[in-house]
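The next block holds one structure in the form of structure tokens; read it before the comments.
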Amino acid sequence: MSSSESQEPALSAEAQSKKAAKKEAAKQEKLRRKQEVAAAAAAASNLSVEDDPLAVNYGQIPLIELQSKTPVNVNDWTRVEALNDSLKDEQVLIRGRAQTIRPVGKKMAFLVIRENGFTVQCLVQAQPDLVSPQMVKFAAALSRESIVDVEGVVSIPAAPIKGATQQVEIQVRKLYCVSKAVPTLPINIEDAARSEVEIEKAIQAGEQFVRVNQDTRLNNRVLDLRTPANQGIFRIQSQVGQAFRQFLYGESFVEIHTPKLIAGSSEGGAAVFRLDYKGQPACLAQSPQLHKQMSICGDFGRVFEIGPVFRAEDSFTHRHLCEFTGLDVEMEIKKHYFEVMDLVDKLFVAMFDSLNTNCKKDLEAVANQYPFEPLKYLRNTLRLTYEEGIQMLKAASNDFALQEVGVEIEPFGDLNTEAERKLGQLVLEKYGTEFYILHRYPLAVRPFYTMPCYDNPTYSNSFDVFIRGEEIISGAQRVHVPEFLEERAQACGIEVKTISSYIDSFRYGAPPHGGFGVGLERVVMLFCGLNNIRKTSLYPRDPQRIAP
């Protein structure tokens, strides 16, 4: 082996070492230059703002300015909802969320600003002495859902604006960030607002859309509530409460507020939330039932309440839910429990009319994401006896499909969920309504305070009310004779001593009376044809969820 051959590996190693050193030096130089460029860019950015004579027209509002530093006239702000062509060429100030941000080059950016479900398009365009390129850059760098103040001039665009509810555009002159949202949101509002129909069409077209499931929505409820459908759902729910109150005030009812922690069960059964209260057994109220009746004994005559109730199961979803909102009514009756049903009839027809008249935009927003048919109801609500309902089911019981879905018919038992749904279909086909009353239920399936029928104690002076085949109301004439009430409580397995103050209230003279309880979330869910009560519960509570 020659000497040159023996030295070749050493020379190769030396060459490799030099190459690696050169590569590392180049890497360090590249990093140094990158850092210098970043520093220069930052310096240039700072310098550009400082050198911008229009810098006062945009930027982040300092916290000190938001600490109620200076009183202002709130009328200086115009609501997005109020923006229309009558304001053409007017200068306006609005506050809302930056729903979308679309830069178009370095000198133009479009913002869509949302306030309470209404949106308007804003144009930030560089113009001498009005809007600087730095301001356009600031607008383009805003994070979605940030809250901003926009001041500008209202203009009427030549073509309709598809991406906003208001058909005007604001030519932005000033733009300030009031509250900056994080750059990356846990869920995308656009994804959460997308309908299943749209998702399925995209899949068929080979496109991929994100599907936001119910648990993800509830884990990020604050963002989920910002979708048009959810804004609609809870505004509809608000209208239900308002219509309920207004109607009952007009019928001389008094609004009351009853305790939610009670000594004994209000309805009995297994669906009771028991707890220890300083060494004493207590329950969360399944309804304000006992205290409603006591208030009637207190000489109020007609009372109602809107408040939380605690029930262990919801048959519609076959899932356990804990907290609902009850709309509860109690009233004296002169002669017959039909007087209570008459009130239900008038109240709900008025409520449905109110929703259809006052919530058109909200109903449309819900239907866009969760398509449904408007509720069919009669001006005079249909009433059927329980026996008539059973006969309708029996007449259809030879239908193989009916047997397949597990519809069970027990003449003196309660209807299960499938039987109620099937009866709802039969009623719709025969009478053309999705809202009806079923009354004279078997006594065995009603609470202890329910009055038996005078002619057959197997049945009771009670009723349920249905929307789209699902129960929304349970009501009845109440037992107002204390001795009989004790007897009924014992028969239903309730310890009389735990409700002694309730029974004692009837010993001082109690008028015949009756009432009903309504599930607010169920009314909205079924009126809007939704498939899950969590969609109409603002912050649902169940055994797996106690936050947010």
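The values are calculated or read from the model by the stated rules, or taken from the named source; none is laboratory data. These numbers were taken from a predicted model, which means no experiment stands behind them. Neighbour counts run over all protein chains shown; Cβ positions are idealised from the backbone, glycine included. Heavy atoms of the whole protein, side chains included, go into the accessibility calculation; ligands, DNA and RNA do not. Shrake-Rupley method; radii C 1.70, N 1.55, O 1.52, S 1.80 Å.
Quick one: which residue in Gln121, Gln99 is open to solvent by 50 Å² or more (accessible area, probe 1.4 Å), more than 18 Å from Gly59 (Cβ to Cβ) and in a strand (DSSP E or B)?
On the way: Gln121 fails: open to solvent by 50 Å² or more (accessible area, probe 1.4 Å).
Among Gln121, Gln99, only Gln99 is open to solvent by 50 Å² or more (accessible area, probe 1.4 Å), more than 18 Å from Gly59 (Cβ to Cβ) and in a strand (DSSP E or B).
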_Selection within the range 47-96 - in contact (Cβ under 8 Å) with a residue 24 or more places away in the chain and part of a helix (DSSP H, G or I)_ = Ser48, Val49, Ala55, Asn57, Leu66, Val80, Glu81, Asp85, Leu87
*Do we find a residue being within 14 Å of the chain's Cα centre (by Cα) and either on the phi < 0 side of the Ramachandran plot or open to solvent by less than 60 Å² (accessible area, probe 1.4 Å) (or both) anywhere in the range 192-204?*
yes
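Going by the structure shown, is Gly529 surrounded by fewer than 21 Cβ atoms within 10 Å (Cβ to Cβ), modelled with pLDDT of 95 or more and at positive phi? Show your work before the answer.
On the way: surrounded by fewer than 21 Cβ atoms within 10 Å (Cβ to Cβ): yes; modelled with pLDDT of 95 or more: yes; at positive phi: yes.
Yes, satisfied.
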*Taking the stated definitions as given, is Ala20 more than 46 Å from the chain's Cα centre (by Cα) and modelled with pLDDT under 90?*
yes
*Considering (1) within 30 Å of Leu538 (Cβ to Cβ); (2) in a loop (DSSP other than H, G, I, E, B); (3) modelled with pLDDT of 95 or more, say which one Leu321 fails and leave the rest.*
(3)
*Find the residue count for the range 146-180, including only residues that are open to solvent by 20 Å² or more (accessible area, probe 1.4 Å), touching a Lys or Arg at 6+ places or on another chain (Cβ under 8 Å) and not polar (S, T, N, Q).*
5
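Taking the range 324-377 on its own, how many of its residues are assigned to a strand (DSSP E or B), of a type outside the set (Val, Ile, Thr) and in contact with a Ser or Thr (Cβ under 9 Å, 6 or more places away or on another chain)? I'd like the intermediate steps shown before the answer.
Start the filter on the range 324-377 by keeping residues that are assigned to a strand (DSSP E or B), which leaves 324-332.
Now narrow it down to the ones that are of a type outside the set (Val, Ile, Thr): 324, 326-328, 330-332.
Subsequent filtering for residues that are in contact with a Ser or Thr (Cβ under 9 Å, 6 or more places away or on another chain) retains 324, 326, 328, 330.
Of the residues in that region, 4 qualify.
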*What is the one condition in (1) at pLDDT 95 or above; (2) touching a Phe, Trp or Tyr at 6+ places or on another chain (Cβ under 8 Å) that Val523 does not satisfy?*
(2)
*Among the candidates Ser86, Ser132, single out the residue that is among the small types (Gly, Ala, Ser), more than 22 Å from Ala55 (Cβ to Cβ) and at pLDDT 95 or above.*
Ser86
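Taking Arg114, is it open to solvent by less than 60 Å² (accessible area, probe 1.4 Å) and among the charged types (D, E, K, R)?
Working: open to solvent by less than 60 Å² (accessible area, probe 1.4 Å): yes; among the charged types (D, E, K, R): yes.
So Arg114 passes the test.
Quick test for you: out of Val222, Val197, pick the one residue that is at pLDDT 95 or above and farther than 20 Å from Arg522 by Cβ.
Numbers: Val197 fails: at pLDDT 95 or above.
Exactly one of Val222, Val197 is at pLDDT 95 or above and farther than 20 Å from Arg522 by Cβ, namely Val222.
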*Could you say whether any residue in the range 53-67 is open to solvent by 90 Å² or more (accessible area, probe 1.4 Å) and more than 26 Å from Ala140 (Cβ to Cβ)?*
yes
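Inspect all residues belonging to the range 254-266 and state whether any of them is acidic (Asp, Glu), assigned by TED's automatic domain parsing to the domain that holds Asp362 and in contact (Cβ under 8 Å) with a residue 60 or more places away in the chain. Give the steps one after another, and end with the answer.
We begin by selecting, within the range 254-266, every residue acidic (Asp, Glu); these are 255.
Restricting the remaining residues to those that are assigned by TED's automatic domain parsing to the domain that holds Asp362 gives 255.
The next check asks that each one be in contact (Cβ under 8 Å) with a residue 60 or more places away in the chain; those that pass are none.
The answer is no, given that none of the residues of the range 254-266 is acidic (Asp, Glu), assigned by TED's automatic domain parsing to the domain that holds Asp362 and in contact (Cβ under 8 Å) with a residue 60 or more places away in the chain.
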